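Undergrad: Could you have a look at this structure, given as structure tokens, before my questions?
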Ligand SMILES: Nc1ncnc2c1ncn2[C@@H]1O[C@H](COP(=O)(O)OP(=O)(O)OP(=O)(O)O)[C@@H](O)[C@H]1O
Ligand SMILES: [Mg+2]
């Protein structure tokens, strides 16, 4: 069974960056097969990993709703979509990636999530690790895709407001009775003036922090991928040190 790591956190805290760093670490440590899932409708995980997404679940659904005659007979629509999704998984160098995207036609984003939920059980069997990058906010928590997570990684900036938001995410996750085994807090762009008691108040297990890293800033300014970071870059080094708790298998 694969280990599912799901990202959560307020907008712009560094979820996508951290997800990409995790994928890179798992790949380079040769810990096993890894599937990256971009579950943010405004997807950019593929770009962070230096690949172009070829097909999204959203596009597949659009295609089916525009051309229902393409549905083969003798198979339910659901099975067909699940098969298409399986086909949409891109095999890249050292990791696979699935982009959920957003349907353009009528129908809502929750349908994309229903589809993903339908294939999650199989995906968990197929991979050693699944890293899900989520959109900002709390909404994805109430969709059940995140419920497959073994580990919820809440990313926060070092401010009081940011940590309060991490606390809220944790409270909602508890309320929804997730079967998540671990809920961690990662403070990104660490600042030594951070109020330690605010970290405690989140009631999340404190994993540690990543520094503000000019190399990461440069990557996004230049549209480069996480694999172009030098191995000794601060943020990558920091994550490597913390990461055992993320990728260790029980
Ligand atoms: N440790 C860091 N040092 C420097 N820049 C960082 C760091 N972490 C993230 N960034 C930059 O901050 C911006 C936002 O990061 P990222 O896209 O990972 O956040 P996010 O939480 O995924 O945002 P969103 O909520 O929009 O999905 C990016 O330009 C990224 O390169
Ligand atoms: Mg993001």
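The values are calculated or read from the model by the stated rules, or taken from the named source; none is laboratory data. Everything numeric in this text was worked out from a predicted model, so none of it was measured. Because the Cβ atoms are built from the backbone with ideal geometry, glycine has one as well, and the counts that use them run over all protein chains shown.
Undergrad: Can you give me the number of residues within the stretch 117-145 that are assigned to a loop (DSSP other than H, G, I, E, B), away from ligand 2 (no atom under 16 Å from the Cβ) and surrounded by 19 or more Cβ atoms within 10 Å (Cβ to Cβ)?
TA: Residues meeting the conditions: 1.
Undergrad: Among the residues of the stretch 146-163 satisfying the criterion of being in a helix (DSSP H, G or I) and within 16 Å of ligand 1 (Cβ to nearest atom), which is modelled with the lowest pLDDT? I'd like the intermediate steps shown before the answer.
TA: Here is the first cut: in the stretch 146-163, the residues in a helix (DSSP H, G or I) are 146-148, 160-163.
Remaining after also requiring within 16 Å of ligand 1 (Cβ to nearest atom): 146, 161-163.
On the way: 146: 72, 161: 95, 162: 95, 163: 97.
The qualifying residue modelled with the lowest pLDDT is 146.
Undergrad: Restricting to helices (runs of 4 or more DSSP H) lying wholly in the stretch 193-250: which have 2 or more residues that are more than 20 Å from residue 45 (Cα to Cα)? Walk me through how you get there before you give the answer.
TA: On the way: elements: 196-201, 214-222, 234-242, 244-247.
The qualifying helices (runs of 4 or more DSSP H) are 196-201, 234-242, 244-247.
Undergrad: A further question on this structure: Inspect the stretch 220-230 for any residue being within 8 Å of ligand 1 (Cβ to nearest atom) and surrounded by 16 or more Cβ atoms within 10 Å (Cβ to Cβ) and give the result as yes or no. Steps first, answer last, please.
TA: Taking the stretch 220-230 as the starting set, the residues that turn out to be within 8 Å of ligand 1 (Cβ to nearest atom) are 220-221.
Filter once more, keeping what is surrounded by 16 or more Cβ atoms within 10 Å (Cβ to Cβ): none.
No, every residue in the stretch 220-230 fails to be within 8 Å of ligand 1 (Cβ to nearest atom) and surrounded by 16 or more Cβ atoms within 10 Å (Cβ to Cβ).
Undergrad: For the stretch 27-76, which residues satisfy the criterion of being away from ligand 2 (no atom under 16 Å from the Cβ), surrounded by fewer than 18 Cβ atoms within 10 Å (Cβ to Cβ) and within 20 Å of the chain's Cα centre (by Cα)?
TA: 28, 29, 30, 31, 32, 33, 52, 54, 55 - these are the residues of the stretch 27-76 that are away from ligand 2 (no atom under 16 Å from the Cβ), surrounded by fewer than 18 Cβ atoms within 10 Å (Cβ to Cβ) and within 20 Å of the chain's Cα centre (by Cα).
Undergrad: I want to confirm something. Restricting to the stretch 124-140 and keeping residues that are touching a strand residue (DSSP E or B) at 6+ places or on another chain (Cβ under 6 Å) and more than 16 Å from ligand 1 (Cβ to nearest atom), which single residue is nearest to residue 28 (Cα to Cα)? Walk me through how you get there before you give the answer.
TA: As a first pass, look at the stretch 124-140 and keep what is touching a strand residue (DSSP E or B) at 6+ places or on another chain (Cβ under 6 Å): 127, 129-134, 140.
Now drop any that are not more than 16 Å from ligand 1 (Cβ to nearest atom), which leaves 127, 129-130.
On the way: 127: 16, 129: 13, 130: 15 Å.
Ranking the candidates gives 129 first.
Undergrad: Only residues that are closer than 25 Å to residue 16 by Cβ and over 20 Å from the mean Cα position of the chain (by Cα): list them for the stretch 172-191, please.
TA: Matches in the stretch 172-191: 190, 191.
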